[in-house]
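**Student:** I have a structure I would like to understand better, so I am pasting it below and will then ask my questions one at a time.
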Amino acid sequence: MTKSRIAIFASGGGSNAEAIIKYFQHHNSVEIAAVVSNNPSALVLERAKKFGIKSVVFDKNQFRECDDVLNWLSENKITHIVLAGFLLLIPQRLIEAYPDKIINIHPSLLPKFGGKGMYGLKVHEAVIAAGEKETGITIHLVNDHYDEGKILAQEKCDVLPSDNSKSVAEKVLQLEHRHFPTVIERWVARG
Ligand code: GRF
């Protein structure tokens, strides 16, 4: 059987990328084929190397114009794209080339605390400032607006009076590592 070939797009630390790489290491129908980044000093590139996963860096213009990226994806027979902490907007042409084949994770219960500029600790600071009693993660298909594609899964955790943005970030990241790989597995299996 031909395996589905996933490219993980990531701009930063890549702890989700690592969780995904580990989960699919010996999978019979899914292969993590590459890590793609816009940031040449991203820690995710070291993580990819550690697991023997190919990586490539494109600059902002290449992503925006996207022919180089599209050609590379096609040469590498990439079937699915997973955004795991990828900070650039995905251009329309890339979305059209991969309809319903691009997935993203966001560290809040969308539609709350999403949209442009909502990333990293800013999300959790906003959750605390709003006095939310719970938060969580959203895994969704990608369209051409930040954080607005069809939701595939949401998982929740409590926000306690003793929490601060850092402790919320830790809880949310644990949810991400636990659930993102299995949601990806079900999404890819759907074809
Ligand atoms: C995660 O919180 C994810 O929800 C968001 O970016 C962060 C990436 O973390 N989209 P890491 O680079 O996987 O550690």
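The values are calculated or read from the model by the stated rules, or taken from the named source; none is laboratory data. Just so it is clear, the model here is predicted, and its values are computed rather than measured. As a convention, Cβ positions derive from the backbone with ideal geometry for all residues, glycine included, and neighbour counts pool all protein chains shown. Protein only, heavy atoms only, side chains kept; ligands, DNA and RNA dropped before computing areas. Shrake-Rupley method; radii C 1.70, N 1.55, O 1.52, S 1.80 Å.
**Student:** Assess whether Leu109 counts as being part of a loop (DSSP other than H, G, I, E, B), crowded, with 19+ Cβ neighbours inside 10 Å and touching a residue at least 12 places away in the same chain (Cβ under 8 Å).
**Tutor:** yes
**Student:** Among the residues in the stretch 2-20, are any farther than 24 Å from Asn143 by Cβ, assigned to a helix (DSSP H, G or I) and among the hydrophobic types (A, V, I, L, M, F, W, C)?
**Tutor:** Yes, because at least one residue in the stretch 2-20 is farther than 24 Å from Asn143 by Cβ, assigned to a helix (DSSP H, G or I) and among the hydrophobic types (A, V, I, L, M, F, W, C).
**Student:** Ok, one more. Name the one entry in Asn61, Asn39 that is surrounded by fewer than 20 Cβ atoms within 10 Å (Cβ to Cβ), of a type outside the set (Ser, Thr, Tyr), part of a loop (DSSP other than H, G, I, E, B) and on the phi < 0 side of the Ramachandran plot.
**Tutor:** Being surrounded by fewer than 20 Cβ atoms within 10 Å (Cβ to Cβ), of a type outside the set (Ser, Thr, Tyr), part of a loop (DSSP other than H, G, I, E, B) and on the phi < 0 side of the Ramachandran plot holds for just one of Asn61, Asn39, which is Asn39.
**Student:** Within the stretch 136-191, which residues are of a type in the set (Ser, Thr, Tyr), at pLDDT 95 or above and open to solvent by 60 Å² or more (accessible area, probe 1.4 Å)?
**Tutor:** Selection gives Ser162 alone.
**Student:** Restricting attention to the stretch 1-36, report how many residues are more than 13 Å from the ligand (Cβ to nearest atom), of a type in the set (Gly, Ala, Ser) and open to solvent by less than 30 Å² (accessible area, probe 1.4 Å).
**Tutor:** Final tally of qualifying residues: 4.
**Student:** While we're looking at this one, here's another question. Within the stretch 151-191, which residues are in contact (Cβ under 8 Å) with a residue 40 or more places away in the chain, under 21 Å from Ala97 (Cβ atoms) and not aliphatic (A, V, I, L, M)?
**Tutor:** Selection gives Trp187 alone.
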